[in-house]
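The values are calculated or read from the model by the stated rules, or taken from the named source; none is laboratory data. It should be emphasised that the depicted structure is a prediction, and the values quoted were computed from it without experimental measurement. Quick reminder, even Gly has a Cβ in these numbers, built from the backbone with ideal geometry, and neighbours come from all protein chains shown. Accessible surface is based on the protein model in full, side chains and every heavy atom, while ligands, DNA and RNA are left aside. Shrake-Rupley method; radii C 1.70, N 1.55, O 1.52, S 1.80 Å.
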Amino acid sequence: MKDFNGKVAVVTGAASGIGRALAVELTARGARLAISDVDAAGLARTAELCGGAPHQQILDVADREAVHAYADAVAATFGTVNLVINNAGITKFGTVDETPYADLEAVMDVDFWGVVHGTKAFLPHLIASGDGHVVNISSVFGLFGVPTQSSYNAAKFAVRGYTEALSQEMLISGHPVAVTCVHPGGVRTGIVASATSSVGTDMTALRTLFTEKLTPTSPESAAQTILRGVLARKPRVLIGYDAVAMDTAVRLLGPTYQRLFASVATRVLGALAPRPVQTGAHR
Ligand SMILES: NC(=O)c1ccc[n+]([C@@H]2O[C@H](COP(=O)([O-])OP(=O)(O)OC[C@H]3O[C@@H](n4cnc5c(N)ncnc54)[C@H](O)[C@@H]3O)[C@@H](O)[C@H]2O)c1
């Protein structure tokens, strides 16, 4: 793919944040767009910002049958599909011990299974296009673990493994589909505002910390970086200087990064850091 002009691009989770910025940028670059989300009002606003009426649909990426039907419908509408960006995501806060299975499953359903559904449903159409690209949004939390994010860590590490395996399969098979796994650092979006916690975290303080201190990158800049990575056919894209710095630190430190990050998390997050565990307290 040399540019996006006339290409059919699919973006999930397009009602907010990085997904919305991708939709707006792809429209500006002449792509024919299919956007989806569970948030109807936000999706309508994104369509408005795209200055027209792109193909839009309420879609829960965790719903396997719905995603497969959606992929076939998009391909039928446009005649082809070139680019799929599996972007929809959520997070929840909680220690391993205190996080209920329901929270862990909810994060895996969207952040991991949502990516799997989008990938498998669209892959035949991308292969048929002769010029396809899959972009799966992981996180820097798919490169290293952090306290209170075990569910999100599990999902984002899984996305990375799944996507890197797919990338190699496309190379071996010779299918005309490039594959990119994206690892954003902190991006100023609504993801923490819509998050919940099972450990009594002060979410108001956390949202302020996230917005003011932990998110050096704007959604628009993140979208530009992702699309640059697609055009360069990069297998891995890091977003933000924070992502680059932390990825480098983890490589240099090896597994000992865990002690360092634990002490930094305790200091930076203060009262937000995990309390001593109450074994078996929550199921
Ligand atoms: N913001 C960050 O700092 C950051 C860092 C690393 C990775 N990410 C990842 O970037 C992606 C985009 O997140 P964002 O930061 O723009 O957050 P966001 O909350 O602004 O946007 C996420 C969108 O996904 C949608 N969504 C949630 N559940 C859904 C479902 N079941 N089906 C369809 N849509 C659903 C939401 O309605 C929302 O519009 C996510 O995968 C997230 O994990 C974000």
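Out of segment 226-245, which residues are buried (at least 19 other Cβ atoms within 10 Å of the Cβ) and of a type in the set (Val, Ile, Thr)? Matches in segment 226-245: Ile226, Val230, Val237, Ile239.
Taking the listed residues Gly132, Gly118, the one that is over 16 Å from the mean Cα position of the chain (by Cα) and either within 22 Å of Ala14 (Cβ to Cβ) or open to solvent by less than 10 Å² (accessible area, probe 1.4 Å) (or both) is Gly132, with no other qualifying. Phe78 fulfils the conditions (1) in contact with a helix residue (DSSP H, G or I) (Cβ under 7 Å, 6 or more places away or on another chain); (2) touching a residue at least 60 places away in the same chain (Cβ under 8 Å); (3) within 18 Å of Val11 (Cβ to Cβ) except for a single criterion, (1). For Glu220, the stated conditions hold: it is within 16 Å of the ligand (Cβ to nearest atom) and on the phi < 0 side of the Ramachandran plot.
Looking at Thr99, Thr77, can you tell me which residue is modelled with pLDDT of 95 or more and at negative phi?
From the options Thr99, Thr77, the qualifying one is Thr77.
Of everything listed in (1) hydrophobic (A, V, I, L, M, F, W, C); (2) within 14 Å of the ligand (Cβ to nearest atom); (3) in contact with a Ser or Thr (Cβ under 7 Å, 6 or more places away or on another chain); (4) open to solvent by 50 Å² or more (accessible area, probe 1.4 Å), the single unmet condition for Ile18 is (4). Taking Arg267 as the residue in question, decide whether it is open to solvent by 40 Å² or more (accessible area, probe 1.4 Å), within 15 Å of the chain's Cα centre (by Cα) and either free of Cβ contacts under 8 Å to residues at least 60 places away in the same chain or farther than 26 Å from Val110 by Cα (or both). Answer is no for this residue.
What do you reckon, is Arg188 open to solvent by 10 Å² or more (accessible area, probe 1.4 Å), of a type in the set (Lys, Arg) and within 24 Å of His125 (Cβ to Cβ)? So Arg188 does not fit the description; no. Taken together, the residues in segment 136-153 that are open to solvent by 20 Å² or more (accessible area, probe 1.4 Å) and under 13 Å from the mean Cα position of the chain (by Cα) amount to 2.
Residues in segment 85-98 that are more than 30 Å from Arg32 (Cβ to Cβ) and either open to solvent by less than 20 Å² (accessible area, probe 1.4 Å) or among the aromatic types (Phe, Trp, Tyr) (or both): Thr91, Phe93, Gly94, Thr95, Glu98.
For segment 174-185, the set of residues classified as open to solvent by less than 20 Å² (accessible area, probe 1.4 Å) and more than 10 Å from the ligand (Cβ to nearest atom) consists of Val177, Ala178, Val179, Thr180, Cys181, listed by residue number. Would you check if there is a residue in segment 217-225 being among the aliphatic types (A, V, I, L, M), at pLDDT 90 or above, within 28 Å of Ala9 (Cα to Cα) and in contact with an Asp or Glu (Cβ under 7 Å, 6 or more places away or on another chain)? Yes, that holds for at least one residue. The conditions of being surrounded by 15 or more Cβ atoms within 10 Å (Cβ to Cβ), of a type in the set (D, E, K, R), within 30 Å of Ala128 (Cβ to Cβ) and more than 10 Å from the ligand (Cβ to nearest atom) are not met by Arg207. Note on segment 228-238: residues that are within 20 Å of Val10 (Cβ to Cβ) and within 14 Å of the chain's Cα centre (by Cα) amount to 1. From the list Ala76, Ala34, the one residue that fits, being surrounded by fewer than 15 Cβ atoms within 10 Å (Cβ to Cβ) and of a type in the set (A, V, I, L, M), is Ala76. In segment 154-170, which residues are within 21 Å of Ile18 (Cβ to Cβ) and either within 13 Å of the chain's Cα centre (by Cα) or without any contact (Cβ under 8 Å) to a residue 60 or more places away in the chain (or both)? Once the filter is applied, which keeps residues that are within 21 Å of Ile18 (Cβ to Cβ) and either within 13 Å of the chain's Cα centre (by Cα) or without any contact (Cβ under 8 Å) to a residue 60 or more places away in the chain (or both), segment 154-170 yields Ala154, Ala155, Lys156, Phe157, Ala158, Val159, Arg160, Tyr162, Thr163, Leu166.
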